[in-house]
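Have a look at the structure below before the remarks.
FYI, it's all coordinate maths here, none of it is from the lab. Treat the numbers as computed from the prediction; the structure is a model and nothing was measured. Heads up, the Cβs are rebuilt from the backbone with ideal geometry, glycines too, and the neighbour counts pull from every protein chain shown.
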Amino acid sequence: MKKRLNFKKWLFLIGIQFFILYLIYSFFYNGIENRPKADNQTELIGIWKSTKSANIVEFKFYKDSLISNAWGKSTKFSWESDGNKIYYTQLTNIDPELETDFIMEYRLNSEKDTLFVKNSESEFTNEFVKNIQRLNK
């Protein structure tokens, strides 16, 4: 009879451990899934125009897409941001021989009205100013 009690205690302890692990897993999983998007992602939404380029480049950030207007060509991307980098994937004007996934390092000034994009050859020299015009999307 004593062995059966030990087995029941052991089974009970194993059950408690699995329950605790389940609670920990649920807590972290829900925290990851339900975390809000980075503030910078919503701060990017709007129209940004380049200031230091011979050809005006325009970025239109919407909640679910990014439209780039450059050299007379409009290209649509899906995008998301982690607060330091913009990860974007080309959806239109796709050339099968060229990449479609890109990463762009950026930062905003303290007023959140100037976007600095890091160029591959230099530090954050590409400057974009936020246009106050509202987006329809």
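About the centre of its Cα atoms, region 39-131 shows a dipole size close to 360 debye [charges on the beta carbon of Lys, Arg (+1) and Asp, Glu (-1) only; nearest 20 debye]. A Förster distance of 22 Å, applied to the separation of the beta-carbon atoms of residue 123 and residue 51, puts the FRET efficiency at 0.85. If the segment from residue 17 to residue 64 were pulled out straight at 0.36 nm per residue, it would be longer than the present Cα-Cα gap by 12.7 nm.
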